[in-house]
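Peer 1: Take this structure first; my questions come after.
The values are calculated or read from the model by the stated rules, or taken from the named source; none is laboratory data. Note that the structure is predicted; figures quoted are calculated from it, not measured. Neighbour counts are summed over all protein chains in view; Cβ atoms, including those assigned to glycine, are modelled from backbone coordinates with ideal geometry. Each accessible area value is taken on the protein alone, full model and side chains, heavy atoms only, with ligands, DNA and RNA left out. Shrake-Rupley method; radii C 1.70, N 1.55, O 1.52, S 1.80 Å.
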Amino acid sequence: MLPKAYDPKGTEDRIYKMWEESGAFKPSGDESKETFTISMPPPNATGQLHLGHAVMLALEDIFIRYERMQGKDVLWIPGTDHASIATESVVIRKLIKEDGIKNPREELGREELLKRIHSYVEESRSTIRSQVRKMGSSCDWSRENYTMNQALQRTTYEAFKDMYGKEVIYRGHRIVNWDPKLHTTISDDEVVWVDKTAPFYTFQYGPFQIGTVRPETKFGDKYVVMHPDDKRYAQYKHRDTFECEWINGTITATIIKDEAVDPEFGTGCMTITPWHTQTDFDIAQRHNLDKQQIIDFDGKLMDIAGEFAGMKIEDAREKIVEKLDKKGLLVKVDENYEHTTATSSRGGAIVEPQVKEQWWIDVNKKAVDWKGKKMSLKEVMQDVVRSGDIKIIPERFEKNYFYWIDNLRDWCISRQLWWGHRIPVWYKDGETHVDVRPPEGDGWEQDPDTLDTWFGVGQWTWSTLVDPKLTEDYSLSLQDILDKSPDYQRYHPTQILETGYDIIFFWVARMILMTTYSTGQVPFETVYLHGMVRTRDGKKMSKSHPETMIDPLDIIEKYGTDALRMSMIVGQSPGNDQKLYEEKIAGYRNFVNKLWNASRFVLMQCESAGVTPAEVESGKWKVENLSLADKALLSSLQDLITDVSEGLEKYRLSEVGERLYSFTWDYFCDWYLELSKGEVNPDVLVSALRTIVTLLHPYCPFVTEELWESIKPEGAEMLISEPWPESDTSLKDQSAQEELQPVIDVISAIRSLRADQGIETNKKIIVTLLTQTKGELFEAQNEHIKSLAKIESLTIATHPDAPKPENAAASVLNNVEVYMSLEGLIDQEKEVVKLSAEKEKLEGFIKGINAKLDNKKFVENAKKEVVILEKEKLESAESKLQKVIERLTSLN
RNA sequence: GGGCGCAUAGCUCAGUUGGUCUAGAGCGUCUGGUUUACACCCAGUAGGUCGGGGGUUCGACUCCCUCUGCGCCCACCA
């Protein structure tokens, strides 16, 4: 016999091992079956699994298990991400802090530092692997992948080479976001803008007044720019020059007219610093102006600053203002000026725009063959979503996606980091060699930079499917490799990409870009975006505030994986954030335990009936011999199967979870099991439980698998490999479900009357049931009603003038008898009375229904049930209307 | 500045082409119960003018407008 409470700790690891060893996670490879593939978004190989991962794993595992049980050939590839910038900065920080190495790069050198990072990564990768397993993820570990694998390196290099050949990748001096702390460029998406209040200075600059928050950049300013239409400055001509006293003496300034200047802002004119501001850089490019570096890559002023050279910019600022003030050039200071400052999302350093020679991807060059046309990367990215090749859930994110692409600028793909895929370019005596392998001969120097992580990870869905052996054969082209890789041929494109909405631009968009370019296929068909997990107060869980963090592993230890999974899925809708807290998780732990105990009960019933569950063959019963409760149960189960299947197809995971929860608890346990305490049909009982357990398996894989062991039919395999139940329409028995309802209502009504009258539940009472109809039904259910409502004796009589419930309640006081009328429960007289109050409204209602039924599109789109429901409602409403009209006319 | 989301019971949330919503669930509250599936339980109770206002409609939590309050994303003007 099973223990009294479900013990996840004693179950989960054992079950997981059993699954993994059985090979159930591997795709069947059955050619006759449709494939279903998900590439697991690789967690960063830097640390611990957090709730974000847990949500992702739970969602994906539900999709995967459902499709596997549907009989598809299912593949879910796990992996980890080397995450160059994140990992390198974590390890460097660690070396500085824990090992006392002040400047790890210089002291250790490239090779040694990479070795250290590598060993750190290997350790945390194995941690993550075991944590992914803890979540019950049914992914194919034999195909586990890693973004630093040789295969991904090869495909990355191939893409680089090809893009370079088509001039989609180019090298150029452009303005970049420079992180002076990490000493690398970062992409636009890695910049975080922070609101700040800072003094806004206005200086006299020759005849002009110019405003700035950054006096320290102004040393090299020799251009003053204004809008060409600004009448105030009409007297000045484009390219006019003038002498002007400035920070370090007199300079010659040039007037530039450019539309980028907003005449409404400040004085309507400004000086520019092309080397350190994007807008200024663009102006300088347009007019072919000189650009000069003022601040070095450590954030210190350069020689041009004269006496200020070598100072940190934040220290120099005040002193420069002081000097200008002494010269009488400071006009005014606005201390409360609000503006935003660019900071790095890694480490928080203030980002200093710099001009640097970098590698770029041209997103506007029409160099991609797509659907028989030459398109730019931007156009392809737009096309695949617009045409519906890729669907984003929730849909509203498609708007965001398009907006982002519209504003997308060339993508800077080189990073001054060491950890990552090194740029496949070699230099020698001014020669440049771009290839997937180093050139022959001596003296070639490889580009020191690495590629942006997202460049490589953008190939994740397919680089993980190519045969790694082929990537070592350099006689093959990328196309050859793809053609000869069976996994790629069979499992790409993937079906769902499931990830958080926060990386839609970082990653989702880049995957679309990289994959369409290199393979001519979309990487995935559907993008399912989940929201962030927040604390009870709606705050972000952050590492800097450990008390706000919920560690999934602690939760698993305490409540079990199934409970954690349920609590994250129910109440979570795509694209929206959710709050998670312990009470909620405990609630689902209770649910898991409820299921456990219901199963125990079923097993006990079998035992006392002398039947072993294994002997039970579903469907062996004769329907006509079944009790009303059994018929109703089997019928509602068919509805459940339909609802769960349809809900999962439509990605309504929360709704399905709730449906399963309430069916199991409210219907199966509280009603059916209670109702059948007198007499049971073990066949029905066991097969119903099997269905419930099967339907719950994608959500609660562990407890269901464990229970399956006790209730499965003779010769059945593990639940993970069981086929998904199909709704059996022959068991649909609407009337049984409807018949049972009045019985349930009567019991509820009696219970509630008892409560009203303060009659203790252990005290048996005598009830006379007066009803206008359905006398036989209550006769047949007499025993059940008696035992469930604790009734001494139940007399049933039918009478057209049965008393109203309130009268019945009054008589209880005197006679300890409950008279009940079912009139109010079965008939919808109340509604008639309500509707009759306003004849017009009723007519409008019928008009509305008629209009709906006349609308072909409505009928087509609506579910059949809905139409039937509306029709029935229409009929009853019509007859009610007749009655109302009759009454009204008789009154007149 | 542009865009998006949210506002429903004390708390966390469902409510999918407007009509079984007379607005539901879980947790919490309160009342009562429990020798044998389960106190990680059972039965019941209280609690909401569905953020405010306006509109469309026979009918609005649901659609439109507007206001208020929270949150997010993108862009950025010196």
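Peer 1: Summing +1 for each Lys or Arg and -1 for each Asp or Glu, what net charge is found among the other residues whose Cβ lies under 11 Å from the Cβ of A:K558?
Peer 2: Within the 11 Å Cβ shell, the charges total -2.
Peer 1: Let me ask something else about it. Tell me, what ³J(HN,Hα) does each residue in region A:475-483 have, in order and in whole Hz, if you take phi through Karplus 6.51 cos²θ - 1.76 cosθ + 1.60 with θ = phi - 60° and put x for Gly and Pro?
Peer 2: Each residue's phi maps through the Karplus curve to give 7, 8, 7, 4, 4, 4, 4, 4, 4 Hz.
Peer 1: Same structure again: From largest to smallest, what semi-axes in whole angstrom does region A:92-162 give when each is the square root of 5 times an eigenvalue of its alpha carbon gyration tensor?
Peer 2: 29, 22, 8
Peer 1: What figure in square angstrom, to the nearest 10, would you give for the accessible area of A:K540 with a 1.4 Å probe?
Peer 2: Accessible area, nearest 10 Å²: 130 Å².
Peer 1: Using the heavy atoms of the protein chains and a 1.4 angstrom probe, tell me the accessible area per residue for region A:638-688 in square angstrom.
Peer 2: 39 Å²
Peer 1: Moving on. If packing is taken as the average number of other Cβ atoms within 10 Å across a peptide's residues, how do A:34-45, A:611-622 rank, most packed first?
Peer 2: A:34-45, A:611-622
Peer 1: Now a separate question. Cα-based Rg of region A:232-321 per 2.2 N^0.38 Å, rounded to two decimals?
Peer 2: Ratio of Rg to 2.2 N^0.38 Å for region A:232-321: 1.21.
Peer 1: Then there's this: Tell me whether region A:280-325 comes out rounded, prolate or oblate; compute the Cα gyration tensor, take square roots of the eigenvalues as a ≥ b ≥ c, and use a/c under 1.5 as the rounded threshold.
Peer 2: prolate
Peer 1: Take region A:306-363, drop everything but the C-alpha atoms, weight them equally and run the Debye formula without solvent; then report log10 I(q)/I(0) at 0.28 Å⁻¹ to two decimals.
Peer 2: Debye intensities relative to I(0), on a log10 scale: -1.20.
Peer 1: May I pose another question? With a/c under 1.5 counting as rounded, go ahead and sort region A:471-611 into rounded, prolate or oblate using the C-alpha gyration tensor (a ≥ b ≥ c being the square roots of the eigenvalues; past the cut-off, prolate if a/b is larger than b/c, else oblate).
Peer 2: Note, shape of region A:471-611 comes out oblate.
Peer 1: Separate question: With +1 assigned to the C-beta of every Lys and Arg and -1 to the C-beta of every Asp and Glu, and no other charges, what is the dipole magnitude of region A:505-555 about the Cα centre in debye, to the nearest 20?
Peer 2: 200 debye
Peer 1: Hey, if you put +1 on the Cβ of every Lys and Arg and -1 on every Asp and Glu Cβ in region A:108-264, which of A:V224, A:V168, A:F242 ends up farthest toward the positive end of that dipole?
Peer 2: Positive-end residue among those listed: A:V168.
Peer 1: Of the heavy-atom accessible surface of region A:665-736 (probe 1.4 angstrom), what whole percent is carbon and sulfur?
Peer 2: Reported share for carbon and sulfur atoms: 44 percent.
Peer 1: Would you mind telling me the share, in percent, of accessible area of region A:139-238 contributed by carbon and sulfur at probe 1.4 angstrom?
Peer 2: Ligands and nucleic acids excluded, carbon and sulfur give 49 percent.
Peer 1: Just how far, in whole angstrom, is region A:269-325 from region A:476-547 if you go by their alpha carbon centroids?
Peer 2: What the calculation gives is 40 Å, centre to centre.
Peer 1: Extending each Cα 7 Å along its Cβ direction at A:E709 and A:A309, get the distance between those two points in nm, one decimal.
Peer 2: Here the answer is 7.7 nm between the modelled labels.
Peer 1: Let me spell out the model: positive unit charges on the Cβ of Lys and Arg, negative unit charges on the Cβ of Asp and Glu, origin at the Cα centre of region A:75-150. What dipole size does that give, in debye rounded to 20?
Peer 2: I would put it at about 220 debye.
Peer 1: Sort A:152-165, A:419-432 for me by packing, meaning the mean count of neighbouring Cβ atoms within 10 Å per residue, highest on top.
Peer 2: Highest-to-lowest ranking by the protection proxy: A:152-165, A:419-432.
Peer 1: Ok, one more. Under a 1.4 Å probe, what is the accessible area of region A:197-255 per residue, stated in Å²?
Peer 2: Roughly 43 Å² per residue, with all protein chains present.
Peer 1: Go through region A:646-747 and name the trypsin sites (Lys or Arg not before Pro) that are in a DSSP coil and have 13 or fewer other Cβ atoms within 10 Å of their Cβ.
Peer 2: Within region A:646-747, the qualifying trypsin sites (Lys or Arg not before Pro) (loop, at most 13 other Cβ atoms within 10 Å) are A:K650, A:K677.
Peer 1: Could you provide, to the nearest whole Å², the per residue accessible area of region A:309-421 with probe 1.4 Å?
Peer 2: With all protein chains present, region A:309-421 gives 50 Å² per residue.
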